[in-house]
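Following: one structure in structure tokens, then a few remarks.
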Amino acid sequence: MREICVIGGNRYFGKRLISRLLTAGDRVTVVNRGSSAPPAGTVHLIADRDDEESLEKALGSRVFDVVVDQVCYTPRQAEIARRVFAGRTRRYVMTSTVEVYEYEDTADPVGEDAVDARTVAVDLELPWGEAEFLDGHYGEGKRQAEAVFAAAGPAFPYVAVRVAHVLGGDDDFTGRLEHYADRIRTGATIAVPAVNHPATYVHVEEIADFLFWTAGEDFTGPVNAASHGTLTTRELCEAIGARLPDGRTVLEAVEVGEVSPFSFRRSYGMDNGRATRLGFPFGEARAWLPRAVAETLGEED
């Protein structure tokens, strides 16, 4: 029986990860602020991860084989986690994001070495506690959080799972696919950039599988998690339109201003070669896309 700690993880792919861990016979400890109960069968610790004393007190003398941190968004949070979990875990897995590559504007799939966290400057004085600032600096917050863990060196073995855009599930809380569905139902225009680039995606079940698999491996450092192939806004709309035969897809190119959720002014393609070489079998995005749309729209066959 492994001792696994999951920070956050009460919704979407986090709860699916916990389910997989429990099914495998792991003892799972969930740490959150207590706003919602974790899945049955887990040990629940209530703590504010932004409060180092609160986190230390909640953990007590507990130690873990692996920690999976689902809600690390800032370097301040990473600093606290690194201090608190040093000596408590053999491995620390942070869910990061494709957004760490926000400055890598290339048509080629981006590999992990495009962002070396060891060279990223960390600024703890930025207003990371302000929601508006954090929302506008999501990628930077994750990038600097990775940098904090990387700076610890071999003494703190960590993995940064750089997650592609996640699709699927009847509990997709983001509303992004629903945005397209609503506009297709009514024939309203869908704003896209004049040059609209594709992106890599991953199914909600696949990223849960990937995190579960990662918890059992021993590699460290950053790793991209994305299904094979890219998808365009038009392909997403076509998959949604297939479920809404009375709807109409109207894409409108705009030079400036806000665009729809999954349309991009630069490429968001990640190279998943490292994870593939390590042994994880990703699926093809185009193969699971119809299923993801059906799940999200609640219109499964």
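For the range 36-48, check the following and say yes or no: at least one residue is more than 22 Å from the chain's Cα centre (by Cα), under 30 Å from Ala121 (Cα atoms) and not in a loop (DSSP other than H, G, I, E, B).
Among the residues of the range 36-48, not one is more than 22 Å from the chain's Cα centre (by Cα), under 30 Å from Ala121 (Cα atoms) and not in a loop (DSSP other than H, G, I, E, B), which makes the answer no.
Hey, can you tell me all the residues within the range 1-35 that are part of a loop (DSSP other than H, G, I, E, B) and either at pLDDT 95 or above or under 22 Å from Ala292 (Cβ atoms) (or both)? Outline the logic, then answer.
First pass over the range 1-35, keeping only residues part of a loop (DSSP other than H, G, I, E, B): 1-2, 8-11, 24-26, 33-35.
Answer for the range 1-35, where residues must be part of a loop (DSSP other than H, G, I, E, B) and either at pLDDT 95 or above or under 22 Å from Ala292 (Cβ atoms) (or both): Arg2, Gly9, Asn10, Arg11, Ala24, Gly25, Asp26.
Sort out for me the strands (runs of 3 or more DSSP E) sitting completely within the range 185-296 that have 2 or more residues that are open to solvent by less than 50 Å² (accessible area, probe 1.4 Å) and within 28 Å of Gly9 (Cβ to Cβ).
Hits in the range 185-296: 199-203, 221-225.
Which residue out of Tyr92, Tyr103 is among the aromatic types (Phe, Trp, Tyr) and out of contact with any strand residue (DSSP E or B) (no Cβ under 7 Å at 6 or more places or on another chain)?
Details: Tyr92 fails: out of contact with any strand residue (DSSP E or B) (no Cβ under 7 Å at 6 or more places or on another chain).
Selected residue: Tyr103, the only one of Tyr92, Tyr103 that is among the aromatic types (Phe, Trp, Tyr) and out of contact with any strand residue (DSSP E or B) (no Cβ under 7 Å at 6 or more places or on another chain).
If you take the residues of the range 244-301 that are under 19 Å from Leu211 (Cα atoms) and charged (D, E, K, R), which of them is farthest from the chain's Cα centre (by Cα)?
Arg277
Considering only the range 58-73, I want to know if a residue exists there that is closer than 18 Å to Gly8 by Cα, assigned to a helix (DSSP H, G or I) and open to solvent by less than 10 Å² (accessible area, probe 1.4 Å).
Checked the range 58-73: at least one residue is closer than 18 Å to Gly8 by Cα, assigned to a helix (DSSP H, G or I) and open to solvent by less than 10 Å² (accessible area, probe 1.4 Å).
When both residues are 6+ apart or on different chains and their Cβ atoms are under 6 Å apart, which pairs have a first residue that lies in the range 284-297 and is farther than 13 Å from Ile207 by Cα, and a second that is open to solvent by 80 Å² or more (accessible area, probe 1.4 Å) and not in a helix (DSSP H, G or I)?
Ala294/Glu300; Glu295/Asp170
Those residues that are among the charged types (D, E, K, R), surrounded by fewer than 21 Cβ atoms within 10 Å (Cβ to Cβ) and over 19 Å from Thr200 (Cα atoms), I need them from the range 141-177; list them, please.
Within the range 141-177, Asp170, Asp171 meet the criteria.
Restricting attention to the range 93-113, does a residue exist that is open to solvent by less than 60 Å² (accessible area, probe 1.4 Å), of a type outside the set (Gly, Ala, Ser) and touching a Leu at 6+ places or on another chain (Cβ under 8 Å)?
yes
Which pairs have Cβ atoms under 8 Å, sit 6 or more apart or on different chains, and link a residue in the range 209-224 that is in contact (Cβ under 8 Å) with a residue 24 or more places away in the chain to one that is of a type in the set (Lys, Arg) and part of a strand (DSSP E or B)?
Going by the 8 Å Cβ cut-off, the qualifying pairs are Pro222/Arg162; Val223/Arg162; Asn224/Arg162.
The values are calculated or read from the model by the stated rules, or taken from the named source; none is laboratory data. All of these numbers come straight from a predicted model, not from anything done at the bench. Cβ atoms come from the backbone with ideal geometry, glycine included; neighbour counts cover every protein chain shown. Protein only, heavy atoms only, side chains kept; ligands, DNA and RNA dropped before computing areas. Shrake-Rupley method; radii C 1.70, N 1.55, O 1.52, S 1.80 Å.
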